[in-house]
Amino acid sequence: MPNKVAIAKAAEVDRNFLYENESIALLKSFDAEDCKRASIRKRDDLAALNSYLAEIKRQRILLPRMRGRKPNKRAIAAACGFRRNIFYSNPTVAAILEDFARNEGVG
C-alpha cells in the first residue's frame, strides 16, 4: 500500500487531499502500474495462510501455540507475512486456522 503520509509530505500537500475521490483513483492507478512494472503481485492473505499451513503439514511440524494450547496468532501471522488482526477482521481466514488447529494431528 502506498504510504499516503510520505506521499503528501513529498508532494507538499495536505494528507487529506489524498483521500478525495480523484486522488484515490490516481493513486490506485499509479500503484497498479508501479506494481506491474516491479512484478509485485497483490497480497493474498488467505493464500498465504493456506500455503503456510500446507508447509507445516508437509514438514510434519506443529502449529505454534500459546500456553493454553490456542494457536499463537501473532507467530502465525508473522510467518504468513500479515498482521494478526486479519484473524479478527476476516472470518474465512479465522475459520481456516481454527479448523486446522482443531484437526491438527488427526488422521
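The values are calculated or read from the model by the stated rules, or taken from the named source; none is laboratory data. The structure presented is a predicted model; accordingly, all values stated were derived computationally and were not measured. Note: ideal-geometry Cβ built from the backbone for every residue, glycine included; neighbour counts use all protein chains shown.
Among the candidates F17, F30, which residue alone is over 19 Å from the mean Cα position of the chain (by Cα) and within 29 Å of A78 (Cα to Cα)?
Values: F17 fails: within 29 Å of A78 (Cα to Cα).
Selected residue: F30, the only one of F17, F30 that is over 19 Å from the mean Cα position of the chain (by Cα) and within 29 Å of A78 (Cα to Cα).
Just one of the numbered conditions (1) surrounded by fewer than 14 Cβ atoms within 10 Å (Cβ to Cβ); (2) at pLDDT below 90; (3) more than 12 Å from the chain's Cα centre (by Cα) is not true of A8: (1). All of (1) free of Cβ contacts under 8 Å to residues at least 12 places away in the same chain; (2) surrounded by 14 or more Cβ atoms within 10 Å (Cβ to Cβ) hold for L49 with one exception: (1). Of the residues making up the range 61-92, just one is surrounded by 14 or more Cβ atoms within 10 Å (Cβ to Cβ), in contact (Cβ under 8 Å) with a residue 40 or more places away in the chain and more than 14 Å from A48 (Cα to Cα), namely L63.
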